[in-house]
Every structure is written in C-alpha cells, then in structure tokens.
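Trainee: Let me give you the structure first, and then I'll get to my questions.
Taken together, the values in this text are just the output of simple stated rules run on the coordinates, not laboratory data. The structure presented is a predicted model; accordingly, all values stated were derived computationally and were not measured. Glycine gets a Cβ as well: all are built from the backbone with ideal geometry, and neighbour counts include every protein chain shown.
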Amino acid sequence: MSIIHMEGWDGLPVEAPLTWGGGGGPRPRIALNYMDASTTAANRSQVVGTGGKFGGRHFNLGTNANEGVVLGPAFCLEEVIVGMWFKCGALPGFTGAGYVCQFVTNAYENFPGLFIDSDTTGHLRLVRYTTAVSTTTPVVLQAGVWSFLEFYVRIHDTLGAWTVRKNGITVHEATGLDTKQDATTIRSVGLYKPWAGNSLKYDDLYIMDPAGATPNTFLGPIRIDRISPTANGTTNNFTPNTGSNFQAVDEDEPDSDTTYIESSTAGHIDEYTMGDISVSDPEVPIAVGVNAVPQRYSHLGKDIKLRLRDASGVQQSAALEVNYAYKRGMMKQIFDKDSLGGAWSQTTVNGVEAGVELA
Ligand SMILES: [Ca+2]
Ligand SMILES: [Ca+2]
Ligand SMILES: [Ca+2]
Ligand SMILES: [Ca+2]
C-alpha cells in the first residue's frame, strides 16, 4: 500500500479539542489513534465544522501558540510525499519549528528533523532542525487563499532532496542536500504552529510512500468525499441498541452511546451499503478509506478488523487494538486497490460495503 494516510476530517467529531501540554511532550495523534475530548487544555487543535476546502469540516490549528498534532500511523520511511489543502490567515514569516508541515523523526514524536515554513511574502524554505537547506522557491503561499501543496522529501546526509508542487504544478526542486539531522527516517507528518494568533487550516490531506506500489507519485489537487451507511449490507451479526444496524452507525457526528452496535463474539461481521460519491463530474477514485469509532467495553473486549467489500471480494485490515474510549479509538484503514488488486472506478466505489469484523 502506497497511500499511508488520508483525511478530509469530515467524519471526525467537530470541535473536540486535542490535548497537548506543549513543549517536549509527544503530540496527540489523529487517526490512528488518539483524540481527547478534554476542553481544559491550554493548547487546542480542533476539527472545525465550517470553512473547510471540501465538506465543511477541516483541521484547524487555532490561535494559541504551540499547537501540534501528528497524523497517520508511524511509517518510518526515508522518502515521503505529503499533499494537502492549506490556508493561512496571514504569513507570519520565519518563526522556527515550521508551520506549513513538519517531518517528525523521533520515536517520541515531538521532534521535527525537517520542517517547511515561509517568509512573510510566501517563499517556502526547507529547514533541517535549525539550518535552512533550501530557500529559493518562488512565491508559493498567499495569505487567506487555499492552495493545494505537495511536498516530496528525502532524508539523507548528502542525497537529501525536496520537491514543491502547488495546485498540481512543480514549482521547486532541489537535490544533493543534507536533510538528515539525526534519525535516518521520517516517522510521521506533523502539523504544528509555534506562534500565537492567526490560524492555520488544513483539509483533504494525504501521506504517501513514493517507493511503494502505485499510486506512488503526486496526486495533484484532490478532494476527499465522505460516504456514510445507507442500509444494512451482506452480513449483519452485531446487535444495535436501537433501530437497524446501519442506523446506529450512520450519523454525521459520532454520537457515543446514543446509538451503537455491539458484539463480543470473535468472527462477527457487520457490513453496510454506503452512499455514492457526490460529485457528478467524471471522477477517478484513488483510494477508499474505512473509518470506525469503536470502544472496548471491558478487558474481555476484542480488537476489530476494518473491511471493505466490492463486487469481486472483500479486503480487510490487520486486527486493530480497540481502546476504552470512543474518541481514542478512532481508526482508519486505506485501501488503494480494489479487491482484485486493480485501480478503483467510480462504479466500483459506489458499490462498496464498509464494515467491521471482531478479531
Ligand atoms: Ca473536509
Ligand atoms: Ca546531516
Ligand atoms: Ca452511533
Ligand atoms: Ca453506494
């Protein structure tokens, strides 16, 4: 699998602040596997319900200083591509620690061995810890305007490299750089804002392994659509607390214990017919991500596998550990091929059933 993570934030709880104490602690992780509903932390990063590029919801680094999150599962790669819609209210200039995105390199997930920021007029630079290693980009950022930014980065003492693309067009490339501060791999992508005031908006983001199987190169400006359950699917072994199975898991906002399905029997499966992609223009679906918000009820609880059925078969994730709190259990699995190993078509995506199996 070459797409490691993708996120449009449209299926995550709105305005559930992420708790991070700032400074040297590990940053909260969004899917997998950490989202804390505490409202008392001094530093907040939130999913906001309106004003995103697509779908309304997006991820916002608010007005506090030192906000930050880590995205996706830890991947530990020498090369990575990340793409995202990005908007910044005003360009604050070089502030250290990077505000467009970070490439987090340590296991504690609080240290960006590499980061990207911008001067006050929108030229980007690539920084290795405190040393700028590439600074000669054209103007890329414009205050108050959504741009689709894509970065390829390779971490290496002598063969380091980066490529910058804006709205699908390459605007800067540099090779032969020393981009390695310490660790030999990038562990995760961080979104981080070191200054107070203003806000940063992110939407429709992907993280990719450019050395993996296709898709393995820049995707260009993408959108991530959310589709939700519309009916029970092929198999429904779980028990809903009210209504039909699909009605317990189809809400826009995850609703905790108000509606849910449950099971304690390994091998139980629940699947749902899903809505269709909303856009009517010819679409080329790149990948399908299955999201779930599970909770373990007791120490006897099981883990789950996320599954995706299309007309030709079923794909499943590995068993994923379920936490004791819904919001900490937010999980995702990306399927970037159909069940036959081919590229997705709009017809195939519109026919999928998403679901879970108790491991
Ligand atoms: Ca969105
Ligand atoms: Ca070095
Ligand atoms: Ca529910
Ligand atoms: Ca459908």
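Trainee: Largest first, please: the extent of the C-alpha atoms of the range 3-208 along each principal axis, to the nearest Å.
Mentor: Principal axes ranked by extent give 45, 34, 31 Å for the Cα atoms.
Trainee: Rounded to whole Å, give me the distance from the Cα center of the range 306-358 to that of the range 246-281.
Mentor: One Cα centre to the other: 12 Å.
Trainee: Would you please give the FRET efficiency between Ala132 and Thr234, computed as 1/(1 + (r/R0)^6) with r the Cβ-Cβ distance and R0 = 51 Å, to the nearest 0.05?
Mentor: With a Förster radius of 51 Å, E is 0.40.
Trainee: Does the range 81-145 classify as rounded, prolate or oblate by the C-alpha gyration tensor (a ≥ b ≥ c root eigenvalues; a/c under 1.5 gives rounded; else a/b over b/c gives prolate, otherwise oblate)?
Mentor: Prolate shape, in that a/c is at least 1.5 and a/b is the bigger ratio.
Trainee: Suppose the Debye formula is applied to equal point scatterers at every Cα of the range 124-193; what is log10 I(q)/I(0) at q = 0.28 Å⁻¹?
Mentor: -1.39
Trainee: Can you give me the distance in nm between label points at Ala74 and Thr158, each placed 7 Å from the Cα along the Cα-to-Cβ direction?
Mentor: About 3.0 nm separates the two model spin labels.
Trainee: Where does the charge balance sit around Thr136 when Lys and Arg score +1, Asp and Glu -1, over other residues with C-beta under 11 Å from its C-beta?
Mentor: Spelling it out: positives minus negatives among the neighbours equals 0.
Trainee: At a 10 Å Cβ-Cβ cut-off, how would you order Glu109, Glu251, Glu271, fewest neighbours first?
Mentor: Glu251, Glu109, Glu271
Trainee: Here is a further query. Quick one: P(r) of the range 236-318 from all Cα-Cα pairs, 10 Å bins, percents rounded to integers, in order of increasing distance.
Mentor: Percent of Cα pairs in each bin: 14, 45, 31, 9, 1.
Trainee: Given the rule -39500 (n - 2.57) for each run of at least 4 DSSP H residues, summed and divided by the residues of the chain, what is its mean residue ellipticity at 222 nm, to the nearest 500 deg cm²/dmol?
Mentor: -500 deg cm²/dmol
Trainee: Then there's this: Please order Asp10, Asp203, Asp182 by the number of other Cβ within 10 Å, starting at the fewest.
Mentor: Arranged by neighbour count, lowest to highest, Asp10, Asp203, Asp182 become Asp182, Asp10, Asp203.
Trainee: If each residue's Cβ is checked for other Cβ atoms within 10 Å, how do Leu308, Leu177 rank with the fewest at the top?
Mentor: Leu177, Leu308
Trainee: Could you give the distance between the Cα centres of the range 51-122 and the range 170-234, to the whole Å?
Mentor: If we compute the Cα centre of each part, the gap is 9 Å.
Trainee: Suppose we take every Cα in the range 302-357 and form the convex hull; what volume per residue is that in Å³?
Mentor: Convex hull volume per residue, Cα atoms: 82 Å³.
Trainee: Would you mind listing how long the chain runs along its three principal axes, going by Cα atoms, in whole Å with the largest first?
Mentor: Ordered largest first, the chain gives principal extents of 57, 45, 36 Å.
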